[in-house]
Amino acid sequence: MYINNNQMALNVGNTLANHYSNLQTSTRRLSSGLRVNSAADDAAGLAIRELMRADIAALNQGVRNANDAISLIQTADGALGVIDEKLIRMKELAEQAATGTYDSTQRLMIESEYQAMASEITRIANATDFNGIYLLNGNLSSDDHNGAGLKSTGKLKVHFGSGNDSAEDYYYIQIGTATASALGLGTGAAQGSKGYSISTQQAAQEALAAINQAVISKDKIRANLGAMQNRLENTISNLTTQAENLQAAESRISDVDVAAEMTQFVRNQILTQSAVAMLSQANSMPRLALSLIGG
């Protein structure tokens, strides 16, 4: 029996420290809901979790990017719908001017409205924008894209993936020019073109074919936008599925299993209480030596 060194108490104290540390870990996990609160809990798991979280955040932003692109497409398509109405009116006017029952004065009145419709088409094409990006004036019609400057040029790049692979992470939206001159109509078009004017009966007859071609050109732009919108909607569905499954995988690494951890908590709590009781007993052992001295 020793008085200066109580080896039994030291052993129990070390055991108590271990149990108390485990109890702290269980308490931290249960209070935070996370199995991995620091690198000490699971160094490899923490690294994997943070990479997953970064990808999840990027994918969720990609969904927002794709939704913004759909809104942009819908803006352009809505403007083209209005242009469609103007083209229908222009064809109606050309049909009216093509008949011989109007004199030159009346035909010039029809011509005046025809040119007003052409000017309105150009105004709509030049004014339609989304977040400061003009959609129908030809800015997005180029086959080339350059994003090196503060302001990108050429076709619009929609980025939605977590990397920078052209086959997986982005694609382009290209929108043709929808001004009257680009459609070959009105005085903005090349002089002598068939849709330039309907001031004469012959010009009006020729304009009918030009307007048909303009409608086809406009419909090609709308069809391309519709196909791109469908593609973006499918992309959003895929991105949402990716993010959901990646979130589930991250949860399995990061989140605590409450049932299992609660079992460990109760076990550690009992062991800690037991160690405290034994430490009290171990600390009382040197008193037995006093009985020998007193004896």
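Only the coordinates and a few stated rules stand behind these numbers; no lab work does. On a predicted model such as this, the values are computed, not experimentally measured, just so you know. As a convention, Cβ positions derive from the backbone with ideal geometry for all residues, glycine included, and neighbour counts pool all protein chains shown.
Please compute the contact order of the range 45-254 in relative form: average sequence separation of alpha-carbon pairs under 8 Å and at least six residues apart, divided by the residue count, as a percent. Before the final figure, lay out the partial values.
Numbers: 311 pairs, mean separation 62.4, N = 210.
Averaging sequence separation for qualifying contacts and normalising by length gives 30 percent for the range 45-254.
Which Cα, out of VAL256, VAL12, SER237, lies furthest along the positive dipole direction of the chain (beta carbon charges, K/R +1, D/E -1)?
Working it through, the farthest residue towards the positive pole turns out to be VAL12.
How would you order 73-81, 16-24 from highest to lowest mean count of nearby Cβ atoms within 10 Å?
Numbers: 73-81: 18.1, 16-24: 15.9.
Put in order of decreasing packing, that is 73-81, 16-24.
Might you report the magnitude of the Cβ-based charge dipole of the chain about its Cα centre, with Lys and Arg at +1 and Asp and Glu at -1, to the nearest 20 debye? Before the final figure, lay out the partial values.
Working: 22 positive and 28 negative charges, 198 e Å.
Roughly 960 debye, rounded to the nearest 20.
State, to one decimal in nm, how far the label point of ILE253 lies from the label point of ALA17, with both points 7 Å from Cα in the Cβ direction.
3.3
Suppose R0 equals 51 Å. What FRET efficiency, 1/(1 + (r/R0)^6) with r the Cβ-Cβ distance, do ALA44 and ALA190 give to the nearest 0.05? List each step's numbers first, then the result.
Values: r = 68 Å, r/R0 = 1.33.
Here the calculated transfer efficiency is 0.15.
Out of SER193, ILE83, ALA66, whose Cα points farthest toward the positive end of the dipole of the chain (charges: +1 Lys, Arg; -1 Asp, Glu; placed on Cβ)?
The Cα lying farthest towards the positive end belongs to ALA66.
Using only C-alpha atoms and all pairs of different ones, pull out the Kirkwood radius for the chain in Å with one decimal. Each step should come with its number before you reach the end.
Working: mean 1/r = 0.0386 Å⁻¹.
Averaging 1/r across every pair of different Cα atoms and inverting gives 25.9 Å.
Taking the simple approach of a point 7 Å from Cα along Cα-to-Cβ for both ASP84 and LEU288, what is their distance in nm?
For the pair ASP84/LEU288, the computed spacing is 9.8 nm.
With a point put 7 Å past each Cα toward its Cβ, work out how far SER280 is from ARG267 in nm, to one decimal.
Roughly 2.6 nm, to one decimal.
Considering the Cα positions of the range 68-115, please state its Rg to one decimal place and its Dmax as a whole number of Å.
When restricted to the Cα atoms of the range 68-115, Rg and Dmax are 16.0, 52 Å.
Packing-wise, with mean Cβ within 10 Å as the measure, how do 224-237, 191-204, 279-292 rank, highest first? Before the final figure, lay out the partial values.
On the way: 224-237: 16.1, 191-204: 17.6, 279-292: 12.3.
In descending order of packing, they fall as 191-204, 224-237, 279-292.
Sort all Cα-Cα distances of the range 180-295 into consecutive 5 angstrom bins from zero, then give the percent of pairs in each bin up to the one containing the longest distance.
Answer for the range 180-295: a P(r) of 2, 9, 8, 7, 6, 5, 5, 5, 5, 4, 4, 4, 4, 4, 3, 3, 3, 3, 3, 3, 2, 2, 2, 2, 1, 1, 0, 0 percent.
Who wins for biggest fluctuation among VAL158, VAL266, VAL36 in a Gaussian network model of the chain, springs between alpha carbons below 10 Å?
VAL266
If you wrap a convex hull around the C-alpha atoms of the range 1-55 and split its volume per residue, what is the figure in Å³? Don't skip to the answer; put the middle values down first.
On the way: hull volume 4.4 nm³, N = 55.
Taking the convex hull of the Cα positions in the range 1-55, it is 81 Å³ per residue.
Computed FRET efficiency, Cβ-Cβ of LEU150 and GLU113, R0 45 Å: what is it to the nearest 0.05? Provide the component values of the computation, followed by the final result.
Details: r = 43 Å, r/R0 = 0.95.
Computed FRET efficiency for LEU150 and GLU113 comes out at 0.60.
Across the chain, how many lysine pairs separated by 8 or more positions, or lying on different chains, have Cα atoms within less than 28 Å?
Number of lysine pairs found: 15.
With only alpha-carbon pairs counted, each pair once and no self-pairs, how large is the Kirkwood hydrodynamic radius of the range 67-207 in angstroms?
Here the Kirkwood hydrodynamic radius works out to 16.8 Å.
Rounded, prolate or oblate for the range 45-136? Axes are the square roots of the Cα gyration tensor eigenvalues, ordered a ≥ b ≥ c, and the cut-off for rounded is a/c under 1.5. If you can, show how the numbers build up before the last one.
Details: a/c = 10.33, a/b = 5.01, b/c = 2.06.
Note, shape of the range 45-136 comes out prolate.
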